[in-house]
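So the structure is just underneath, and the comments pick up after that.
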Amino acid sequence: MLKIKPIVVIAALLFTVTLMIPSLLVLPFSEEKASGKLEEDVKEEEAPVVKPTGPAVEVAVYRTQQKLLENIPLEDYIVGVVASEMPADFEMEALKAQALTARTYIVRQLLAEERVGIPEGAHVTDTVHHQVYKSDAELKEIWGAKDYKWKIDKIKKAVQATSGQILTYEGAPIDATFFSTSNGYTESSGDIWPNQYPYLKSVESPWDVESPKYKGQEVFTVSEFESKLGVKLSSNGTIGTIIEKTDGNRVGKVDINGKVLTGKEIRESLGLKSTDFTWERKGNNIVVNTKGYGHGVGMSQYGANFMAVEGKTYQEIVQHYYQGIQLASSADFLTKIMAQK
């Protein structure tokens, strides 16, 4: 029997192991593919395609100028609302907050059993009575070729970033109202409208003093003022006495020579920008100065933008203006909407 020397066996084993080492090193990584991550990072970022999350829900929008009904995919509708309701040059986090309010508002509207003052078959109009909506073609015309692309890309990114999210309170979509500029405080809903919602309470919004829409002024002749309000001013030169203030430090009620009017009634009758107003009589004129712009309930758009400038996220913004709310998935609500058809 041929004997093999131990040193020969050892040499043969070492040779075999040496040949196998490259394969052993490669095998654990052989199933991986190049991620392309580095390449993606250096490419120019493009706006995402806004895709629906959940069932393919459409919004029936009554186009007031065209006098026709248009069915618009939900996320496309939200893009058109955000583009119409908030300046595209606002901070991204503010635009995301606006996208959340727009989606929440329309989901709540789609779930409503009754829709008063809307043409048959419509869910909403395209006006401030609901949410202002402009189509892509209309936005191109308004913005012009120079600004259209960057503006629509930015807004689509904001909508996509919040896709599938809405704001809820105790498991139901909130009435996500918003407005331009506060007087330093938002209003409690019960001071403006019949319903008092626990999430629509007065909160501080000190950033709004920087808004270009913070101050306003209107001038009326005495006869115009009396006619619009249905009052007769006293002969002693006084106008009226504020007898009640709101939670948001606005005018609640005023006694004008024996007639009591709410701040809301006066704002609407005179076309004022806010219910935070003061007035004085100058000769045959009444000069009315206002602070803030809009009804004051919910999210201040300029306040949201200034919060974003300070580094606040869209989640922090909405949780400041809507008290005690949660960010929730819209999927179950959209499924319910589809089931109602």
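The values are calculated or read from the model by the stated rules, or taken from the named source; none is laboratory data. What you see is a predicted model; the values in this text were computed from it and never measured. In this analysis, Cβ positions are derived from the backbone assuming ideal geometry, glycine residues included, and neighbour counts consider all displayed protein chains.
Residues in the stretch 297-315 that are without any contact (Cβ under 8 Å) to a residue 60 or more places away in the chain and closer than 19 Å to Tyr105 by Cα: Gln315 alone. Applying a threshold of 8 Å to beta carbon distances and a minimum spacing of six or more residues, or different chains, the list of pairs starting in the stretch 208-235 at a residue that is among the hydroxyl-bearing types (Ser, Thr, Tyr) and ending at one that is assigned to a strand (DSSP E or B) reads Ser211/Thr181; Ser211/Tyr293; Tyr214/Thr181; Tyr214/Lys291; Tyr214/Tyr293; Thr221/Asn285; Thr221/Ile286. If only one of Ile243, Ile266, Ile256 is within 21 Å of Lys213 (Cα to Cα) and among the β-branched types (Val, Ile, Thr), which one is it? Answer to the check: Ile266. Here Asp276 meets the list (1) over 16 Å from Phe179 (Cα atoms); (2) touching a residue at least 12 places away in the same chain (Cβ under 8 Å); (3) surrounded by 17 or more Cβ atoms within 10 Å (Cβ to Cβ) almost entirely, failing just condition (1).
Scoring Val251 on the criteria (1) within 23 Å of Lys201 (Cβ to Cβ); (2) touching a residue at least 40 places away in the same chain (Cβ under 8 Å); (3) in contact with a Phe, Trp or Tyr (Cβ under 9 Å, 6 or more places away or on another chain) leaves a single failure, condition (2). Total residues in the stretch 148-188 satisfying the condition of being small (Gly, Ala, Ser) and either crowded, with 23+ Cβ neighbours inside 10 Å or not assigned by TED's automatic domain parsing to the domain that holds Glu91 (or both): the figure is 3.
Considering the stretch 258-341, the qualifying helices (runs of 4 or more DSSP H), each wholly inside and each with 1 or more residues that are basic (Lys, Arg) and in the same structural domain as Leu111 (by TED's automatic domain parsing), run over 331-340.
Of Gly292, Gly324, which residue is under 21 Å from Glu170 (Cβ atoms) and not charged (D, E, K, R)? When all the criteria are applied, what remains is Gly324. In the set (1) closer than 22 Å to Asp247 by Cα; (2) surrounded by 15 or more Cβ atoms within 10 Å (Cβ to Cβ), Phe333 fails one condition alone, (1).
So, in the stretch 223-259, of the ones that are within 22 Å of Lys291 (Cα to Cα) and of a type in the set (A, V, I, L, M), which residue ends up surrounded by the most Cβ atoms within 10 Å (Cβ to Cβ)? The residue in question is Val251. Scan the stretch 125-181 for residues that are under 16 Å from the mean Cα position of the chain (by Cα), over 21 Å from Thr335 (Cα atoms) and not in a helix (DSSP H, G or I) and the total you get is 14. Within the stretch 286-299, one or more residues are within 14 Å of Ala97 (Cα to Cα) and either at pLDDT 95 or above or surrounded by 15 or more Cβ atoms within 10 Å (Cβ to Cβ) (or both).
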